[in-house]
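This report refers to the structure that appears directly beneath it.
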Amino acid sequence: MNTPPFAFVKENHPLGPHTLYRIGGPAKWAFLPRDAHEAQTAYTWIIDQKVPFLVMGAGSNMLIDDRGFDGAVLFTTELKHREACGGDRFRLGAGLPLADMVRTIMLPNNYAGTGALTGIPGSLGGALFMNAGTVNGTICQFTETVILLTPSGFTTIAMAPELYGYRGQAFCGPDAVIVEAVLRFTPSEKDESVVYHHYIQRRLDTQPQGWCCGSVFKNPPNDHAGRLIESCGLKGTRRGGAVISEKHANFIMNEDNASFEDVLGLIQLVKDTVFAQHGVKLQEEVRIITPRSGPGVPPA
Ligand SMILES: Cc1cc2nc3c(=O)[nH]c(=O)nc-3n(C[C@H](O)[C@H](O)[C@H](O)COP(=O)(O)OP(=O)(O)OC[C@H]3O[C@@H](n4cnc5c(N)ncnc54)[C@H](O)[C@@H]3O)c2cc1C
């Protein structure tokens, strides 16, 4: 197949440096559109060519195969536009880092919700796709509309509670791209900067620092994946350069040039052990990407 005819495409582009795991081989084609129009042009070409397709935000929730991705990866990184719409509403590009949104929009206006969103290292688009958040709330609760690229063009979705749940949503499938969203905030009655610093410190106290994807597994109903893994005595277990963190059992760290297989081996070990000892089937929160899989498709 011919090289895509766009200046913003790179061939054989390494993906590992774009992830917070620092793991993963190259993409056959990396599309780095600089605005929504270029994103649409890229998307239309990709859909027409029927090549395997993957959207990447900040890569903070992805474990990518060392063989890479044998298709088109569309990066939203440059889609960082922002516009105040009045009435505490903001139109924000999917590539905007969530941390920027918290620091430059929520804190200066003392908006409620910093407890839900502080310390999550992804982009707005990735956060919406995952419905990222904490026990204090999630991104979709602050969202009024989402603008998607779909095979029929730009599509506006009005957010509603039935469209999202725990670390998932029903408005954006793996063949669509979140391009931007309108968020609506509410002024808080407490000092949100105190809340912000509390949760930054709490993460430093409870989570390990280093290359990782945050929580590897979703919490099963009424329990914590970390508690189950710790109770199986798996903290500190190593495979190659990967290790199950001593500080938080639901974090698998790339400590020393870990490979995809190193991390995947620990993921399987955890699933098998927790099922054998507790009868609980843990489900991955991290998106595992193999050369021809889309997001969320288990490795072959
Ligand atoms: C240290 C650490 C702490 C973390 N803490 C939390 C936490 O407290 N709560 C939490 O929920 N998560 C947490 N995470 C996980 C991660 O940060 C979130 O899931 C984040 O929202 C992912 O955003 P991203 O831009 O990095 O997405 P990526 O990793 O790039 O992608 C994740 C998924 O979203 C899809 N996607 C990304 N952008 C788009 C788009 N624009 N349109 C369509 N699909 C898209 C991708 O295809 C993929 O399936 C943590 C991760 C780390 C490393």
Subset of region 173-199 [more than 12 Å from the ligand (Cβ to nearest atom) and surrounded by 14 or more Cβ atoms within 10 Å (Cβ to Cβ)]: V182, L183, R184, F185, S188, E192, V195, Y196
Checklist (1) in contact with a helix residue (DSSP H, G or I) (Cβ under 8 Å, 6 or more places away or on another chain); (2) modelled with pLDDT of 95 or more applied to P151, failing item: (2)
Which numbered condition P208 misses (of (1) surrounded by fewer than 18 Cβ atoms within 10 Å (Cβ to Cβ); (2) in a strand (DSSP E or B); (3) in contact with a His (Cβ under 9 Å, 6 or more places away or on another chain)): (2)
Flag if A258 is buried (at least 17 other Cβ atoms within 10 Å of the Cβ), of a type outside the set (D, E), in contact with a Cys (Cβ under 9 Å, 6 or more places away or on another chain) and part of a loop (DSSP other than H, G, I, E, B): no
N250 vs. criteria touching a Ser or Thr at 6+ places or on another chain (Cβ under 6 Å) and either free of Cβ contacts under 8 Å to residues at least 40 places away in the same chain or more than 15 Å from the ligand (Cβ to nearest atom) (or both): yes
For A99: the one exception among (1) in contact with a strand residue (DSSP E or B) (Cβ under 7 Å, 6 or more places away or on another chain); (2) within 19 Å of E83 (Cα to Cα): (1)
Test result for L15, surrounded by fewer than 20 Cβ atoms within 10 Å (Cβ to Cβ), within 13 Å of the ligand (Cβ to nearest atom) and outside the structural domain of F185 (by TED's automatic domain parsing): no
Residue that is surrounded by the fewest Cβ atoms within 10 Å (Cβ to Cβ) [pool: residues in region 261-296 that are within 15 Å of the ligand (Cβ to nearest atom) and among the polar types (S, T, N, Q)]: Q283
Flag if G233 is at positive phi and away from the ligand (no atom under 16 Å from the Cβ): yes
Candidate set from region 137-154 (those that are within 12 Å of the ligand (Cβ to nearest atom) and surrounded by fewer than 21 Cβ atoms within 10 Å (Cβ to Cβ)); member that is farthest from the chain's Cα centre (by Cα): T150
Failed item in (1) in a helix (DSSP H, G or I); (2) among the polar types (S, T, N, Q); (3) outside the structural domain of D175 (by TED's automatic domain parsing), with Q141 passing the rest: (3)
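Residues are listed down the side, and each one gets a yes or a no for (1) more than 22 Å from the chain's Cα centre (by Cα); (2) in the same structural domain as A58 (by TED's automatic domain parsing); (3) closer than 22 Å to A132 by Cα:
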residue	(1), (2), (3)
S215	no, no, yes
K218	no, no, yes
D223	yes, no, yes
A242	no, no, no
F251	no, no, yes
K271	no, no, no
Output for region 10-29, where each listed residue is among the charged types (D, E, K, R), outside any loop (DSSP other than H, G, I, E, B) and touching a residue at least 24 places away in the same chain (Cβ under 8 Å): K28
Matching helices (runs of 4 or more DSSP H) fully within region 38-136 where at least 2 residues are more than 15 Å from the ligand (Cβ to nearest atom): none
Where a residue in region 150-174 is free of Cβ contacts under 8 Å to residues at least 24 places away in the same chain and its partner, wherever it lies, is of a type in the set (S, T, N, Q) and assigned to a strand (DSSP E or B), with Cβ under 8 Å and at least six apart: T156/T145; I157/T145; A158/T145; M159/T143; M159/T145; L163/Q169
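The values are calculated or read from the model by the stated rules, or taken from the named source; none is laboratory data. Remember, predicted model here, so these are calculated numbers, not experimental data. Here Cβ is always computed from backbone atoms with ideal geometry, including for glycine, and neighbour counts include all displayed protein chains.
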